[in-house]
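A short worksheet on the structure shown next.
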Amino acid sequence: MANETNNFPELISHCKEYGYIFQSSEIYDGLAAVYDYGQLGAQLKKNLRDEWWKSMTQMHENIVGIDAAIFMHPTVWKASGHVDNFSDPMIDNRDSNKRYRVDHLIEGHAETLDKEAGEALLAEMDKLIAADDLPGLKNLIESNKIKCAISKTCNWTDIRQFNLMFSTQIGSVAEESDTIYLRPETAQGIFVNFLNVQKTGRMKIPFGIAQTGKAFRNEIVARQFIFRMREFEQMEMQFFVRPGTQMEWYNFWKDERKKWHQSIGIPGEKLRFHDHVKLAHYADAALDIEFEFPFGWKELEGIHSRTDFDLTQHAKFSKKKIQYFDNDLNPEGKPYGNYTPFVVETSVGLDRLFLTVMSLAYAEEKWTKEDGSEDSRVVLRIPAKIAPTKLAILPLIKKDGLPEIAKELMNDCKGSFMCFYEEKDAIGKRYRRMDAIGTPFCVTIDHQTKEDNTVTIRYRDDMRQERIALTEVKNLVSKLIG
Ligand code: ATP
């Protein structure tokens, strides 16, 4: 198709206009970095979550899924290190009082420089972050004369660490209440249930526990739409392995996860691996799977080799034994015996995956028709497998028995996949609307249907139309969304 563009501001307004994503509490002017998913967005999100869940649990005999609570005992976050370490270095501008995440401030400045200078600045920043050198980072900001976007001055405070967890009170009376946290990651719900699942599920190492659910972080620089939110959803899987085999599994999951992203239609050349320079306190290896978002290459998923850190910490803080007895034989012919398993984690943000799919799908197209006139459309090329609505059923006109045939088809298909029925407006206008919401197939019932039981099926991606038997519609669409 000629003249395709991929424009981020337009994508954001398209998401709102067509019921994909709304600003939270919009009638009260919204809440920063919090979003609601509308009627189509909620369905697309569910389809993505279902794909992930199926690929993890149904397609791997040694992975099971759980659904742990958001609230957890406050000691969990002490043990995990989040109370002491889950913070980002922040700096305030004294003139505007605006607070920045230091890495974002420097990255933003690097983007304004030429390639070589930008890369050198980022390399210097990575080195200082890895060394936890906060005064060094402040020097870097000042020596590069990095200014606040609002005040345009370099009048900076010292850099401080800022904890990202939200806290709240549990308990009905103030005196009895206790401070608890909204979980900043879903992973800890898996670790504290390790023994429950291993024992009740009779799981044998290596095995995984998967979970999807909300996580909360008080992100300071919340921007780029649903890329960085304060309330978001994660899809995480912790894979428990024998100590010493973690790098093998780390490499296995690195490849496996990239392949999965490709299986839902993300082209391989839009994905890349980025190894971490500074490892988190719990990791012995870590990388990001990055996607080329409209605003640059950014993290979509993290793969972390978390060692035995989490299970060991929970054993220490809970004073419970959290180990596994491995009766497989080692090379000396003796059972491996008791040990604390090592963990390889895969962690993808569902909202970031949603943004990935939408930014690939959104296209504004213009072309010249056979008669020389110009035509255009906005289309969401969401892969049929994950599109929220699979089939639109459209009677050509609202009379002559056509709606009755259409409704019968709707009743026949709706148990198998999501259908949409519409009888208002000219057919061309209805096709354009289906393009705009990403419906991959439309079926039109016209007068010929009454004569020979055929319908027109129209394909969203190439706008091709063909005549097929009415009785074939369900099978064909089921096959195409397979
Ligand atoms: P970033 O460096 O972008 O802040 P992170 O390294 O802190 O991300 P992880 O803790 O590894 O992220 O979380 C795993 C995944 O959860 C990320 O790859 C991302 O997809 C998602 N995620 C993390 N924070 C957010 C957020 N604020 N909004 C939306 N998704 C998020």
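The values are calculated or read from the model by the stated rules, or taken from the named source; none is laboratory data. Model, not experiment: these values are computed from the prediction. Backbone-built Cβ (ideal geometry, glycine too); neighbour counts: all protein chains shown. Keep in mind that these areas ignore ligands, DNA and RNA; they rest on the heavy atoms of the full protein, side chains included. Shrake-Rupley method; radii C 1.70, N 1.55, O 1.52, S 1.80 Å.
Between residue 281 and residue 25, the C-beta separation translates, for a Förster distance of 41 Å, into a calculated FRET efficiency of about 0.70.
May I ask you to compute the full-extension gain from residue 256 to residue 162, defined as 0.36 nm times their residue separation minus their alpha-carbon distance, rounded to one decimal in nm? Before the final figure, lay out the partial values.
Working: separation 94, 0.36 × 94 = 33.84 nm, distance 3.47 nm.
Full extension from residue 256 to residue 162 adds 30.4 nm.
In whole percent, and with a 1.4 Å probe on the protein chains, what portion of the accessible area of the chain is carbon and sulfur? Looking at the chain in its full context, I get 50 percent from C and S. Annotation: extensible slack from residue 451 through residue 170 equals 94.4 nm (criterion: 0.36 nm per residue apart, minus Cα-Cα distance). Once you have a ≥ b ≥ c as the square roots of the Cα gyration tensor eigenvalues for region 323-375, tell me rounded if a/c is under 1.5, and otherwise prolate or oblate according to whether a/b is larger than b/c. Taking the square roots of the gyration eigenvalues as a ≥ b ≥ c, region 323-375 is prolate. Over the C-alpha trace of region 389-480, radius of gyration and Dmax come out as 11.7, 32 angstrom. Label positions at residue 336 and residue 407, each projected 7 Å from the Cα along the C-beta direction, are separated by 6.2 nm. Think of a 1.4 Å ball rolled over the protein heavy atoms: region 90-159 then has 56 Å² of accessible area per residue.
The aspartates and glutamates within cross-link reach of residue 147, meaning a Cα-to-Cα straight distance under 16 Å and a gap of 8 or more places when in the same chain, are 92, 95, 103, 107, 111, 158.
Centre-to-centre separation between the Cα atoms of region 432-474 and those of region 101-148: 55 Å. Taking Cα atoms only, the orientation of helix 402-413 departs from the longest principal axis of the chain by about 40 degrees.
For residue 145 and residue 73, what is the calculated FRET efficiency with R₀ set at 45 Å and r taken between the beta-carbons, to the nearest 0.05?
0.40
The ellipsoid that matches the Cα gyration tensor of the chain has semi-axes, each √(5λ) in whole angstrom, of 45, 31, 21, with the longest given first. Take the Cα of residue 373, go 7 Å toward its beta carbon, and the backbone nitrogen atoms of region 414-439 under 18 Å from that spot belong to 426-433.
Go through 178-187, 435-444 and give me the packing order, highest mean Cβ count within 10 Å leading.
Working: 178-187: 18.9, 435-444: 22.5.
The densest-packed peptide leads the list: 435-444, 178-187.
Using the Cβ-Cβ distance between residue 397 and residue 223 with R0 = 41 Å, the FRET efficiency computed as 1/(1 + (r/R0)^6) comes to roughly 0.30.
Extension gain, residue 202-residue 152: 0.36 nm per intervening residue step, less the Cα-Cα distance, totals 11.9 nm.
Each residue, residue 87 and residue 326, gets one label point 7 Å from its Cα in the Cβ direction; the gap between the two is 3.7 nm.
For region 309-396, what does the accessible surface come to per residue with a 1.4 Å probe? Please give it in Å².
Values: 3740 Å² over 88 residues.
Value returned for region 309-396: 43 Å² of accessible area per residue.
For the listed peptides 11-17, 228-234, a ranking on the average number of other beta carbons within 10 Å per residue, highest first, reads 228-234, 11-17. Backbone phi angles across region 98-113, fed through the Karplus curve with coefficients 6.51, -1.76 and 1.60 (θ = phi - 60°), yield HN-Hα couplings of 8, 9, 10, 7, 4, 5, 5, 4, 5, 4, x, 5, 4, 5, 8, 8 Hz in residue order; Gly and Pro are listed as x. Using alpha carbons only, how many angstrom separate the centre of region 404-431 from the centre of region 296-314? The two parts, judged by their Cα centres, are 45 Å apart. When the label point is put 7 Å from the Cα of residue 179 along its Cα-to-beta-carbon vector, which residues of region 123-166 have a backbone N closer than 17 Å? The answer is 161-166, whose backbone nitrogens lie closer than 17 Å to the label point. Cut-off 18 Å, label point 7 angstrom out along Cα-to-Cβ of residue 62: give me the residues of region 235-249 whose amide nitrogen falls inside. Within reach of a label on residue 62, which here means backbone N under 18 Å from a point 7 Å along Cα→Cβ, region 235-249 contributes 237-249.
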